[in-house]
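The values are calculated or read from the model by the stated rules, or taken from the named source; none is laboratory data. Quick caveat, the model's predicted, so the values are computed rather than measured. All Cβ positions, glycine included, derive from the backbone under ideal geometry; neighbour counts span all protein chains shown.
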Amino acid sequence: MGARRGPPATLQIDAGFLLQLREHVAAREIERGIACLRSQQDLIASLDPSQENAAHLLAHLAIWIDIGFSGPPLQELLQRFEQLEPGLRSKLSIADYICLRMAEGMNAMVEEAMETAIGHFDFVLSLGKELDDRFLLAIACFWKGRCLRRRGEYDEALIYTGKGRDLAVGLGHLRMAAVMQVLESWLLFQQGKWKEAVRISQAAEKVLGETDDYVTLGNIQSFYGMFLAAAWPSFAAKRLSTWRLPGPSISSARTIMVSARFT
């Protein structure tokens, strides 16, 4: 009779894995990042809030779910943290709790609860020194800018988007900053600053042109279409009929998303 097997060992959340996810975000290496996540599907599916680095992984999953990773629903992952034993959530480190609030903010965005989301991001930004993580702070600024845009608060949205861009540039993450510039261009256009909006959009396109971030590249093409439709309606009708989105191998479902992120 064979020896009885004990319970399966808990998979460890390796700091190197989190670093890889972050680097793929910064470089806008979308397919490589998603492949990296898929290689750790068992770890993600069994995510245990009591594990070391669990909250940090949750925050990174929120970022990648926003980008397009179709893993476990963010709400489902958050419920695991809500079901912690009494008092355990209050014992999270400040950095872990901030990561949890980042994920809760993204989940609120998904649910169109922009005011709630902004509250989460304001909390994260208020503890920026304690977090000491300019990468996550840049994302928080960017996400808050998106929420403010959805509420029609373009001036404030531009401020926070610019803060996120500056943090990304300071880290040397120029492709990540370019994604934020795309939102900037939409905001400037909505403020009537068309020339500046086009200039920033063209700069972002130049930086992102060699990446497989087809969603953001599609958003840039959507911006050009909107600009042409507003500036030269008759010309735009002819030009848009010949445009094609980048990435011919991209799935139709993901192509449909090109305008969703900033609308």
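Brief remarks follow.
Here's the yes/no breakdown for (1) at pLDDT 95 or above; (2) of a type outside the set (F, W, Y); (3) under 17 Å from K144 (Cα atoms):
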residue	(1), (2), (3)
G162	yes, yes, yes
G170	yes, yes, no
Q181	yes, yes, yes
G192	no, yes, no
E196	no, yes, no
Q202	no, yes, no
T211	yes, yes, no
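- Considering each residue of the stretch 84-91 in turn, none proves to be out of contact with any strand residue (DSSP E or B) (no Cβ under 9 Å at 6 or more places or on another chain) and buried (at least 17 other Cβ atoms within 10 Å of the Cβ).
- Test result for G218, without any contact (Cβ under 8 Å) to a residue 60 or more places away in the chain, touching a Cys at 6+ places or on another chain (Cβ under 9 Å) and either in a helix (DSSP H, G or I) or more than 19 Å from E23 (Cα to Cα) (or both): no
- Only residues that are farther than 27 Å from E23 by Cα and of a type in the set (D, E, K, R) were counted across the stretch 171-198, and they come to 3.
- Within the stretch 118-139, the residues that satisfy the criterion of being in a helix (DSSP H, G or I) and either hydroxyl-bearing (S, T, Y) or within 19 Å of L19 (Cβ to Cβ) (or both) are S126, L131, R134, F135, L136, L137, A138, I139.
- In the stretch 68-93, the residues that are assigned to a loop (DSSP other than H, G, I, E, B), at pLDDT 75 or above and of a type outside the set (S, T, Y): G68, F69, G71, P72, P73, Q83, L92
- Residues within the stretch 158-213 that are closer than 13 Å to A26 by Cβ, out of contact with any Phe, Trp or Tyr (no Cβ under 7 Å at 6 or more places or on another chain) and not charged (D, E, K, R), tallied: 14
- Leading residue by the ranking (farthest from A204 (Cα to Cα)) among those in the stretch 121-169 that are of a type in the set (S, T, Y) and surrounded by 16 or more Cβ atoms within 10 Å (Cβ to Cβ): Y154
- Within the span defined as the stretch 41-50, one or more residues are at pLDDT below 95, touching a Leu at 6+ places or on another chain (Cβ under 8 Å), among the polar types (S, T, N, Q) and more than 20 Å from L131 (Cα to Cα).
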